[in-house]
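Below: one structure, written as C-alpha cells.
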Ligand code: GNR
Ligand code: NI
C-alpha cells in the first residue's frame, strides 16, 4: 500500500482525458488499493485516477461516515440522470476551496467492478454528486470550471500564493 501524490490545479495533467481500462487485473487492483489509502488519508470522499496522474477511466468513492462503503467504478458511463440539487463541493486538487455546484440528483451508471464484472447501478444524493465530480475529472474537467473565469483566476492566484508561503516557511526550518 502507498499514499499517492495528488495533482493540484493548475497542473496541466489534470486536463488530460482518461482512456478506458483494458484489463481488470492485479496491478489495477493494487492501484485501486493505493487510491483508497490516499483518499482516506487525505481525507476525501472520492478520487479519480486522473488526480494521481493515471489517465485511465477509474474512480473510487466512499461517502459513508464510517469509511466502510467503498465504491469502485471502472470505465463508468452515465446512462441517465434525473432531478437537480446544489451541493457545496470541494476537491483535493483545489485544496481549501469550496463552492456550490448544481448537478443531477440521481444518476444511472454502467461500469465494471473490481472483479471486472459489468454492473448497472443508480446513485443518489452525495454519492451521485461525487460520482459526477469524479467522471468530470476523467474528462479533464474540474468543479471550478463551472464558475466564472474571474473566480477561477482568483483561485489560481490564491493557490500560488499559498504554495509560495508554504515553501518560504519550509525554507526557514
Ligand atoms: O472530498 C471530496 N469532497 C467532495 C464534496 C462535495 C462534492 C464532491 C467532493 S469530491 C472530493 C474529493 C475529490 O476531489 N475528488 O475528486
Ligand atoms: Ni476532485
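Exactly one of (1) in contact with a helix residue (DSSP H, G or I) (Cβ under 8 Å, 6 or more places away or on another chain); (2) more than 23 Å from residue 2 (Cβ to Cβ); (3) in contact (Cβ under 8 Å) with a residue 60 or more places away in the chain; (4) surrounded by 14 or more Cβ atoms within 10 Å (Cβ to Cβ) is unmet by residue 131. Its number?
(1)
Which of the residues spanning segment 6-23 are within 13 Å of the chain's Cα centre (by Cα) and in a loop (DSSP other than H, G, I, E, B)? Write out each step before concluding.
Keep residues of segment 6-23 that are within 13 Å of the chain's Cα centre (by Cα), which gives 6-9, 14-15, 18.
Result: 6, 7, 8, 9, 18.
Could you tell me which numbered condition residue 122 fails, if it satisfies all but one of (1) within 11 Å of ligand 1 (Cβ to nearest atom); (2) touching a helix residue (DSSP H, G or I) at 6+ places or on another chain (Cβ under 9 Å)?
Checking residue 122 against (1) within 11 Å of ligand 1 (Cβ to nearest atom); (2) touching a helix residue (DSSP H, G or I) at 6+ places or on another chain (Cβ under 9 Å), the one that fails is (1).
Kindly indicate which of 110, 114 is over 13 Å from residue 47 (Cα atoms), in contact with a strand residue (DSSP E or B) (Cβ under 7 Å, 6 or more places away or on another chain) and part of a loop (DSSP other than H, G, I, E, B).
Details: 110 fails: part of a loop (DSSP other than H, G, I, E, B).
From the options 110, 114, the qualifying one is 114.
For the condition loosely packed, with under 11 Cβ neighbours inside 10 Å, within 16 Å of ligand 2 (Cβ to nearest atom) and either under 17 Å from the mean Cα position of the chain (by Cα) or over 25 Å from residue 25 (Cα atoms) (or both), what is the one hit in 90, 140, 96?
Every option except 96 fails the conditions.
Select from segment 56-80 the residues that are away from ligand 2 (no atom under 12 Å from the Cβ), surrounded by 15 or more Cβ atoms within 10 Å (Cβ to Cβ) and in contact (Cβ under 8 Å) with a residue 40 or more places away in the chain and list them in ascending order.
57, 58, 63, 71, 72, 73, 74, 75, 76, 78, listed by residue number.
Go through segment 32-53 and give me each residue that's out of contact with any strand residue (DSSP E or B) (no Cβ under 9 Å at 6 or more places or on another chain), farther than 15 Å from residue 69 by Cα and more than 10 Å from ligand 1 (Cβ to nearest atom).
Answer for segment 32-53, where residues must be out of contact with any strand residue (DSSP E or B) (no Cβ under 9 Å at 6 or more places or on another chain), farther than 15 Å from residue 69 by Cα and more than 10 Å from ligand 1 (Cβ to nearest atom): 34, 41, 52, 53.
Quick one: is residue 104 away from ligand 2 (no atom under 16 Å from the Cβ), over 16 Å from the mean Cα position of the chain (by Cα), modelled with pLDDT under 95 and more than 21 Å from residue 40 (Cβ to Cβ)? Give the steps one after another, and end with the answer.
Values: away from ligand 2 (no atom under 16 Å from the Cβ): yes; over 16 Å from the mean Cα position of the chain (by Cα): yes; modelled with pLDDT under 95: no; more than 21 Å from residue 40 (Cβ to Cβ): yes.
No: the conditions fail for residue 104.
So residue 26 fits all but one of (1) surrounded by fewer than 18 Cβ atoms within 10 Å (Cβ to Cβ); (2) touching a residue at least 24 places away in the same chain (Cβ under 8 Å); what number is the exception?
(2)
Kindly check whether there is at least one residue in segment 62-85 that is within 8 Å of ligand 1 (Cβ to nearest atom) and closer than 13 Å to residue 127 by Cβ.
First, pick out the residues of segment 62-85 that are within 8 Å of ligand 1 (Cβ to nearest atom): none.
No, the conditions are met nowhere in segment 62-85.
The values are calculated or read from the model by the stated rules, or taken from the named source; none is laboratory data. Small disclaimer: the values here were computed from a predicted structure and weren't measured. Please note: Cβ atoms are built from the backbone with ideal geometry, for glycine as well, and neighbour counts cover all protein chains shown.
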